[in-house]
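The values are calculated or read from the model by the stated rules, or taken from the named source; none is laboratory data. No experiment lies behind these values; they were computed from the predicted model shown. All Cβ positions, glycine included, derive from the backbone under ideal geometry; neighbour counts span all protein chains shown. What goes into the accessible areas is simple: the full protein's heavy atoms, side chains included, and nothing from ligands, DNA or RNA. Shrake-Rupley method; radii C 1.70, N 1.55, O 1.52, S 1.80 Å.
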Amino acid sequence: MSRHPDPEVLVVGAGPVGLVAALFLQQHGVRVEIVDMHQRTTQHSYALAIHPRTLGILDEAGLAEGLIGAGRKLTKVAYYEGRERRAEIDYSALASKHPYLLVVRQSLLERAAEEALRRKKLKVLWGYRLQSLAVEGGALRAEVAKLDQVATGYPVARSEWVVVRSETIRPAYVIGADGYDSAVRRMSGIEMEEHGAAQTFSVYEIEAAGELPAEVRVIVDPDLTSVYWPLEEGRCRWGFQIRDASEHAASMERLEQLIAARAPWFSARPTQIYWSTLALFERRLTRSFGKGGLWLAGDAAHQAAPVGVHSMNSGLVEARELAARISQIQRAGGAPSLLDEFATETHEAWRWLLGAGRAVRALPGADAWVRQTGARILACIPASGDDLEPLLQQIGLTAAP
């Protein structure tokens with residue numbers, strides 16, 4: 001657990017967002033401690049693509065080069081309605097150091113970030129749970145408990161997690177990067193707001209024989225959205241939005257039914273399902289990203305439809321921003337309002353992405369299908385920040401006032 005003096009920043013959650021936040025704080029010379037109630041990083045996750053803007057941030061963190069070597073670069077995203085190819089965007093036209101999407105597994109990103117922290121002599125404290133969080137006389141007090149697994153039960157053996165010890169620490173800041181069911185958010189009393197109906201997806205990672213398209217393909221049907229991602233040679237991932245969880249089955253028969261109905265252009269033959277899952281994605285945003293010493297980033301603050309991979313990528317941007325602004329306050333006498341500005345700007349960006357801000361509009365000459373589908377396309381573009389507008393304009397849309 002923490003050594004004296006107390007860390008200046010306690011990061012709760014050691015997914016990609018928390019790890020990158022800790023890495024940037026360490027780079028800025030801020031004392032940081034990172035805890036996670038689980039025992040290891042994720043094995044399977046939906047997030048698998050890094051936006052061009054995010055790659056720039058990972059460059060700053062010293063992580064991009066290794067990830068690029070391990071991942072797959074994709075330059076095109078095509079939009080389909082059934083058999084019809086309706087639109088495409090080309091990342092190679094971006095004025096970016098990294099004009100492409102990088103397909104790389106979240107587990108690789110997490111391992112790279114954890115190893116970078118280890119080289120800086122900062123270990124993730126796995127199996128440590130945030131028990132309580134309070135503000136006392138303007139100062140933060142956090143109780144963190146060490147968990148251990150013990151065998152119980154007779155005659156049928158079972159195991160359960162128990163608290164073996166706890167410690168109280170007093171950081172200047174807490175960053176909640178602890179995901180969908182964020183303890184930091186809950187203990188801070190920050191509420192979430194719904195921004196549309198939840199979406200349920202059947203996800204399949206498969207091996208297939210035959211030609212696999214070397215681009216992302218998004219199928220925008222009248223009511224449902226599906227997405228195809230090419231992975232390593234001979235392997236791909238499908239995500240099919242379904243109306244009800246009962247429609248999911250981790251079987252080859254069901255997979256073939258979905259492909260035939262949604263993507264009749266897919267000619268490769270599935271030969272093996274490596275893994276499959278049913279995933280629920282809500283569209284939610286916190287009322288606030290934080291105040292005082294308590295701040296949220298990533299899925300702790302927002303959840304979105306999965307096709308654009310926005311929540312993780314935006315979370316990594318938020319991690320960098322929070323670390324930079326906290327270090328400026330702690331080391332350079334920056335005003336606390338720097339964090340309030342971050343919260344306002346980030347909240348507005350997310351309201352727009354979730355459809356609560358200014359509308360995307362069609363440019364003169366835009367295709368009729370693009371005009372009709374523009375609001376849905378926005379959520380299905382794997383890009384963020386300054387990259388979004390030029391990609392929108394490629395297909396006849398704009399977010400400009």
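Quick check on this structure: which one of Arg129, Arg86 is outside any loop (DSSP other than H, G, I, E, B), over 21 Å from Ile381 (Cβ atoms), touching a residue at least 24 places away in the same chain (Cβ under 8 Å) and of a type in the set (D, E, K, R)? Walk me through it before giving the result.
Working: Arg86 fails: over 21 Å from Ile381 (Cβ atoms).
The unique qualifying residue is Arg129.
Being farther than 26 Å from Glu282 by Cβ and assigned to a helix (DSSP H, G or I) narrows it down to one of Glu167, Glu114, Glu110, Glu160, so name that one.
On the way: Glu167 fails: assigned to a helix (DSSP H, G or I); Glu110 fails: farther than 26 Å from Glu282 by Cβ; Glu160 fails: assigned to a helix (DSSP H, G or I).
Glu114 is the lone residue from the list that is farther than 26 Å from Glu282 by Cβ and assigned to a helix (DSSP H, G or I).
Within region 89-107, can you find the residues that are part of a loop (DSSP other than H, G, I, E, B) and either open to solvent by less than 70 Å² (accessible area, probe 1.4 Å) or closer than 17 Å to Ala70 by Cα (or both)?
Hits for region 89-107 are Leu94, Ser96, His98, Pro99, Tyr100, Val104, Arg105.
Looking only at region 235-265, count every residue that is outside any helix (DSSP H, G or I) and either open to solvent by 20 Å² or more (accessible area, probe 1.4 Å) or in contact (Cβ under 8 Å) with a residue 40 or more places away in the chain (or both) and tell me the total. If you could, list the steps in order and put the result at the bottom.
Keep residues of region 235-265 that are outside any helix (DSSP H, G or I), which gives 235-244, 248-251, 263-265.
Now restrict to residues that are either open to solvent by 20 Å² or more (accessible area, probe 1.4 Å) or in contact (Cβ under 8 Å) with a residue 40 or more places away in the chain (or both): 235, 237, 239, 241-244, 248-251, 263-265.
Of the residues in that region, 14 qualify.
Against the conditions (1) in a loop (DSSP other than H, G, I, E, B); (2) without any contact (Cβ under 8 Å) to a residue 60 or more places away in the chain, where does Glu321 fall short? Just the number, please.
Here Glu321 clears every test but (1).
Is one or more of the residues making up region 1-11 farther than 12 Å from Leu122 by Cβ, touching a Phe, Trp or Tyr at 6+ places or on another chain (Cβ under 9 Å) and modelled with pLDDT of 95 or more?
Within region 1-11, one or more residues are farther than 12 Å from Leu122 by Cβ, touching a Phe, Trp or Tyr at 6+ places or on another chain (Cβ under 9 Å) and modelled with pLDDT of 95 or more.
Take region 135-159 and flag every residue that is hydrophobic (A, V, I, L, M, F, W, C) and modelled with pLDDT of 90 or more.
We begin by selecting, within region 135-159, every residue hydrophobic (A, V, I, L, M, F, W, C); these are 135, 139-140, 142, 144-145, 147, 150-151, 156-157.
Passing the criteria: Val135, Ala139, Leu140, Ala142, Val144, Ala145, Leu147.
The rows are residues; the columns are (1) charged (D, E, K, R); (2) open to solvent by less than 70 Å² (accessible area, probe 1.4 Å).
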| position | (1), (2) |
| --- | --- |
| Leu58 | no, yes |
| Glu65 | yes, no |
| Ala70 | no, yes |
| Val124 | no, yes |
| Gly138 | no, no |
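Do any helices (runs of 4 or more DSSP H) lying entirely in region 325-401 carry at least 1 residues that are open to solvent by 10 Å² or more (accessible area, probe 1.4 Å), closer than 17 Å to Arg86 by Cβ and at pLDDT 95 or above, and which ones are they? Reasoning before the result, please.
Working: elements: 337-353, 368-379, 388-394.
The qualifying helices (runs of 4 or more DSSP H) are 368-379, 388-394.
When the residues of region 175-192 are narrowed to those that are assigned to a loop (DSSP other than H, G, I, E, B) and of a type in the set (A, V, I, L, M), which ends up least open to solvent (accessible area, probe 1.4 Å)? Reasoning before the result, please.
Pass one, region 175-192, residues assigned to a loop (DSSP other than H, G, I, E, B): 177-182, 189-191.
Cutting the leftovers down to of a type in the set (A, V, I, L, M) gives us 177, 190.
On the way: Ala177: 15, Ile190: 33 Å².
By that ranking, first place goes to Ala177.
What are the residues in region 301-352 that are touching a Lys or Arg at 6+ places or on another chain (Cβ under 8 Å) and among the aliphatic types (A, V, I, L, M), if any?
Ala301, Ala304, Ala305, Val317, Leu338, Leu339, Ala343
How many of the residues making up region 216-231 are touching a residue at least 40 places away in the same chain (Cβ under 8 Å) and buried (at least 18 other Cβ atoms within 10 Å of the Cβ)?
10
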